[in-house]
Each structure stands twice: as C-alpha cells, then as structure tokens.
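First, the structure itself, so that you have it in front of you.
All of the numbers you see were taken from the coordinates with simple rules; none came from a lab. Note that the structure is predicted; figures quoted are calculated from it, not measured. Here the Cβ positions follow ideal geometry from the backbone for every residue, glycine too, while neighbour counts run over all protein chains shown.
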Amino acid sequence: MKAISLVVVSMLSLLPTAVPQPHRDPVSPLARESAELAVKWLVRAQNGDGSWGDNPGSPGEIGNTSIACLALLAHGSTPTRGPYFLELQRGFDWISRRTRGYVAGKELDRATLLHRKLGNNADLYLVALLYTQSTALNCELFEDERMRSELRNMANHIASLQKSNGEWETSYEPMLTTIAAWQALDQAHAAGILVDQASPEKVVRYLRQDCLEKSTGAFREVKWGREKRFVTQAGGVRVLIAEGLGKEEDVARAIAVIDQMHFDQDVGGASGGEEFLGALYATQGLMLEGGAVWPRWYDKITKALKACQNKDGSWVGHHCITGRVFCTACSIMTLIAPDRLLPLGER
C-alpha cells in the first residue's frame, strides 16, 4: 500500500497547480475612491438628531434622510453592522419616529425642494423605497413587523395615486415622478408586499405609447415640448429594462440613444439633482441589461461624476434640486452600483 501511495503522490505532483486568481472588484478603482470620499462627506453632513436635510445644517427631511440612508446601505452598512451602522441606526430611528402608525394619506413632509421638483409625494416614494431595501435588517422582530405594516400602508397609498393612463401625479418632472413611484411599488412587491391597486402594465403602456418615439428610441414628454432629454431617457430605460423588455426593438433603440448621451447635457453641463437621479436610473438599468453598452456607460459616468465632484467629496446641483445631500447620495449609489448590495440591483 505504501508503494501505491507513493506512486499516487508522485503522479499528483506532476499535475498543474491551480494558481489563485486575483479578486476582481466590480467597482472600478476610480469609482471606489470617489465614492469613499463622498460617503465620508455624507456622514459628516448628518444632523445631530440623525436626520439629513438639503445641505449640512439644514432641517431634517424624510426624502433626504431616506436617500442618504439608501446610500449608506448601498455602501455596505446596516443599522446593526458595518462601518456606518451607528449613523444608519440614527437615521432609521429619526425616520421611524415620523412614520410610526402611518396611514394612507398621512403627510410626512411639506413643501420641500424635493416636493417641488419630484411631486407632492416625493418623500413617500423615497421612504417606501428605503423600507423595501431594509426589511429584515432590524434587531427585533416587532420592529420588522412595524416597518412592514407601514410599508404596506405606504404602498397602498402610492398605488391609489396612479392615473388611468399609467403615470403618477403631475409634477415638474412627470416621468421621473412616475418612475420613483413605480420603483417603490416594484420593490415593495419584491419584498413580499401585495400591491393590487396599481398596474406596471399601465406604466409600460404610458412610457412606450405616450413618451417613446419608436422610430428613434428617444423618450419625449409633452411637459417638456417633446425634447430629447437625458433625465427622461434614463428613467424610461430603467423601467423598461426592469420589466424585461430590453431586447424589444424600440427599447433597444432607447438603450442605443442613452449610450450616446451625457448625464449633464440637458442644461449645457449645469447638472442638477434630476441629472444625478437620472445617472442613477441609467446606471441601474444598463447594469441589469448588461451587454456591450454597460462597460462603456459605467466608465463614462464614473469619469463624468469624478470630474464634477467637489474637493470635500460632495456633489452640488446647479439648478432645480440643488441640495448636496440628494446629489451626493445619488452619485454614491451610481458609482458603487456594481456591488449590488441593495435588492433593487437584482432586477
């Protein structure tokens, strides 16, 4: 037996040795460096009570606090673990005090900048999205049950606001408002919340029939004089890819259009919060679709965001949504989207 064992060992020694492959970070070094600097700025911008407002020192708002918490979740922290668990815990505590006992129609915030640009229920769409990404992260079961109960009521109210043509409330940015509402409900459904009053099919109909120019692949809203705009293109592509339509001819043309666009082209390079949100939507959608466009887009948006990042790590909007918290949170999630640490990166 010893002789046989020696022969086996000798033969095995002749086999090629497996060489460990280096870990390939899906996030580029440039994007990682930029995002890390931004996250440090974001946690410094948090108010003493756990909230975030438009800018450091601004009164806390549901919308800005929700998107800041989403950025920290995307970075890898939870309310119990990770480098920024304490900041997240404080943010969630502040939000939960505002949403506790939520019933349909309850007003959370009023007349904020996000309301003026993304609709009268912008804060509701953002906090509902946050809750869809964070169920099961609470330490106590009763806290999870409370969050799911509030999310269920939020989803029901959001669903009730959908118009017969598929869009949501009329706002400064009708398509972005519709996509924000759609994403909150889409993720609520993925989290196991029954959504039976709204129709994703109506959203698809609205985008493809009312907004998408099939011959060119450009989304054109009546509100904006049928102009071809980046924010419009990004939002439309995000929804239609998530709904499994990326290979359809008209949607494929829409993807080809955004491949040629720059996120800050709508206002001559003067990007606002809508452009940063559009960058996030485009990145999420193109990442989900994959293919040749994705690596080109990710490289392009990473370089573009890095080029306009402030030295302190933040981003600022030069029109419309100007708050640094919103712009910075959107940029962080855009840069590290390939980490796929949020469930919304799965579809």
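Relative to the longest principal Cα axis of the chain, at what angle does helix 249-259 sit, 0 to 90 degrees, rounded to 10?
Between the helix axis and the principal axis of the chain, the angle is about 80 degrees.
Can you tell me the 0 to 90 degree angle between the C-alpha axis of helix 230-242 and the longest principal axis of the chain, rounded to 10?
60 degrees
Right, next: Treating only the Cβ of Lys, Arg, Asp and Glu as charged (+1, +1, -1, -1), what charge dipole size does the chain show about its Cα centre? Round to the nearest 20 debye.
Here the chain has a charge dipole of around 420 debye.
Still on this structure: How high is the relative contact order of the chain, given as a whole-number percent (alpha carbon pairs under 8 Å, six or more residues apart)?
20 percent
Taking Cα centroids, how far is region 260-284 from region 193-209 in Å?
Spelled out, the Cα-based centre of one part sits 25 Å from the other.
If you don't mind, another one. For labels at residue 248 and residue 267 in the simple 7 Å Cα→Cβ model, what's the distance in nm?
3.2 nm
Along the charge dipole of region 10-164, which of 60, 41, 128 sits closest to the positive end, that is, farthest toward it, with unit charges on the beta carbon of Lys, Arg, Asp and Glu (+1, +1, -1, -1)?
128
What list of ³J(HN,Hα) values in whole Hz, one per residue of region 174-190 in order, does the Karplus curve 6.51 cos²θ - 1.76 cosθ + 1.60 (θ = phi - 60°) give from phi, with Gly and Pro shown as x?
Per residue, the Karplus-derived 3J(HN,Hα) values read x, 5, 5, 4, 4, 5, 4, 5, 4, 5, 4, 6, 4, 6, 5, 4, 5 Hz.
Run the helix sum for the chain: -39,500 (n - 2.57) per DSSP H stretch of 4+ residues, divided by residue count, reported at 222 nm to the nearest 500 deg cm²/dmol. Each step should come with its number before you reach the end.
Details: 14 runs with 186 residues, N = 347.
Helix-only estimate at 222 nm: -17000 deg cm²/dmol.
Report the extension gain between residue 81 and residue 145 in nm, rounded to one decimal, defined as 0.36 nm multiplied by the number of residues separating them, less their alpha carbon distance.
Here the answer is 21.0 nm.
What is the distance in Å between the Cα centroid of region 116-168 and that of region 45-113?
For region 116-168 versus region 45-113, the Cα centre distance is 14 Å.
Another question about this same structure. What is the helix-to-structure angle for 122-134, meaning the angle in degrees between its Cα long axis and the longest Cα principal axis of the chain, kept from 0 to 90 and rounded to the nearest 10?
Compared with the principal axis, the helix lies near 20 degrees.
Continuing with this model, one more query. Can you give the net charge of the other residues whose Cβ lies under 12 Å from the Cβ of residue 286, counting K and R as +1 and D and E as -1?
Within the 12 Å Cβ shell, the charges total 0.
Want the number for residue 164 to residue 322: 0.36 nm per residue separation, take away the alpha-carbon distance, what's left?
Roughly 53.7 nm would be gained on extension.
Multiplying the sequence separation of residue 194 and residue 310 by 0.36 nm and subtracting their Cα-Cα distance, what value in nm do you get?
Stretched fully, the residue 194-residue 310 segment lengthens by 37.5 nm.
What distance in nm lies between label points placed 7 Å from Cα along the C-beta direction at residue 40 and residue 256?
4.4 nm
Take the alpha carbon gyration tensor of the chain, find the square roots of its eigenvalues, order them as a ≥ b ≥ c, and report rounded if a/c is under 1.5; if not, report prolate when a/b exceeds b/c, else oblate. Walk me through the numbers on the way to the answer.
Working: a/c = 1.61, a/b = 1.33, b/c = 1.21.
Because a/c hits 1.5 or more and a/b exceeds b/c, the chain counts as prolate.
Could you pull out every residue, at least 5 positions away or on a different chain, whose amide H is within less than 5 Å of the one on residue 213? Hs are placed 1.01 Å off N in the peptide plane, and Pro or chain starts have none.
218, 219, 220
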